[in-house]
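The values are calculated or read from the model by the stated rules, or taken from the named source; none is laboratory data. All values reported here derive from a predicted model rather than from experimental measurement. Reconstructed Cβ throughout: ideal geometry from the backbone, glycine too, with neighbour counts over all protein chains shown. Side chains included, ligands, DNA and RNA excluded: accessible areas come from the protein's heavy atoms. Shrake-Rupley method; radii C 1.70, N 1.55, O 1.52, S 1.80 Å.
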Amino acid sequence: MHILITGGAGFVGSELAVRLSEKNHQVVVMDNLVRRGSESNLEKLVRHGVTFVHGDVRSAEDFENLPPGIEFVCDTSAQPSVVSGYTNPVYDITNNSVGVIRVLEFARQHHCPMIFFSSNRVYVVDRLLELPRREAATRIEWDPDAWNKIPLELRQRGFDPAHGVNEEFAVDGGQRSIYGLSKLMADAACQEYAKAFDMPIVVNRFGVIAGTGQFAKLDQGWVVWWAIAHYFKLPLKYIGWNGKQVRDIIFLEDVCSLVELQMAQIERFRGDIFNVGGGAANSLSLREGSELLERKLGHGTSITTEDTLRKADLPIYYTDNRKIAREINWHAQTSIDAGFARILDWISANEAALRKRYL
């Protein structure tokens, strides 16, 4: 199959391109190379026979430079940082929303099925903060006892304290971050195009994605950044929640296996939405991440604490994966321990290059 991956020089897109190329697909990636580090993936892409086209999803003209015959589209392009969205909201919205309209138009005109990489940030932070929680020794937990005392008619839809947040959780009212707004606009556009033009489209609302090859930094890619900082003994900071904030982690290998499953069944879908993440079993707090890395490396790093809360930050979130498990029999396979071990092996193998980048 001839596949286009937009944002294909980035962390997720480049790994997906390599994997699909290894499965004998013809892959072309389009990327504007704005994000620092993406240019260093080009050699890997070329080595695996992937065609690179320098282009920006916001520009209709750039799509005209793509080779003919594309049959499938994976849109992984995005400005992925929640924090930087407040600095330049127009960039988030034009890149993450208007850009997706350009991708959808290309897919519509060329009769291509499409998989869109959305985000759990579409869900309303104010409603998530209302869910009952409690503080444990190393993490914030959702409180099932307090939840069970809430009358059924007053409970938030789309939530179960044992499983997490599902696709029915609130997307209306309150804040979700500028980044979340931009992804919600794109998410809704994909659903609308699927119904309006009978297009096979899947919308995956991902949690935290981590893996080897990610040039992480403070405001995006915290899992790999945490590993790099511990490896090189760089100073870190817990910002809010005393380092006990929790996220679920899905590793890149499982993301790629999901895409392959969905590609094989794509004609079933018309704007279907799936929450995708590591789930409760693959959830981790910052403090627990620090402890895990100290055990693996034999040393820690200096970590300070700041009480200030960031806008639209959450004390806890993990994904209810039951819908996608039920509908396409997908399950995350990579554990927290195995995922961090692979990341540390990658850091060690690329220590010289990473030292130049981060030190």
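Summary table below
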read-out	value
Failed item, numbered, when Glu141 is tested on (1) under 19 Å from Asn275 (Cβ atoms); (2) surrounded by 17 or more Cβ atoms within 10 Å (Cβ to Cβ); (3) touching a residue at least 60 places away in the same chain (Cβ under 8 Å)	(1)
Elements of type helices (runs of 4 or more DSSP H) contained in the range 243-359, each with 1 or more residues being among the aliphatic types (A, V, I, L, M), under 18 Å from Trp225 (Cα atoms) and free of Cβ contacts under 8 Å to residues at least 12 places away in the same chain	336-349, 351-358
Within the range 1-85, strands (runs of 3 or more DSSP E) holding 1 or more residues that are surrounded by fewer than 19 Cβ atoms within 10 Å (Cβ to Cβ)	2-6, 26-31, 51-54
When residues of the range 86-103 are limited to those that are crowded, with 19+ Cβ neighbours inside 10 Å and not aliphatic (A, V, I, L, M), the one farthest from Arg36 (Cα to Cα)	Arg102
All positions within the range 157-189 that are of a type in the set (S, T, N, Q) and either modelled with pLDDT under 95 or more than 20 Å from Ile201 (Cα to Cα) (or both)	Gln175, Ser177
Elements of type strands (runs of 3 or more DSSP E) in the range 98-182, at least 1 residues being among the charged types (D, E, K, R) and under 23 Å from the mean Cα position of the chain (by Cα)	140-142
Only one of Gly213, Gly158, Gly207, Gly180 that is under 19 Å from Val246 (Cβ atoms), of a type in the set (Gly, Ala, Ser) and surrounded by fewer than 21 Cβ atoms within 10 Å (Cβ to Cβ)	Gly158
From Gly221, Gly279, residue being farther than 21 Å from Ala78 by Cβ, buried (at least 20 other Cβ atoms within 10 Å of the Cβ) and within 15 Å of the chain's Cα centre (by Cα)	Gly279
Selection count, the range 289-344, where residues are farther than 17 Å from Lys233 by Cα, charged (D, E, K, R) and open to solvent by 20 Å² or more (accessible area, probe 1.4 Å)	11
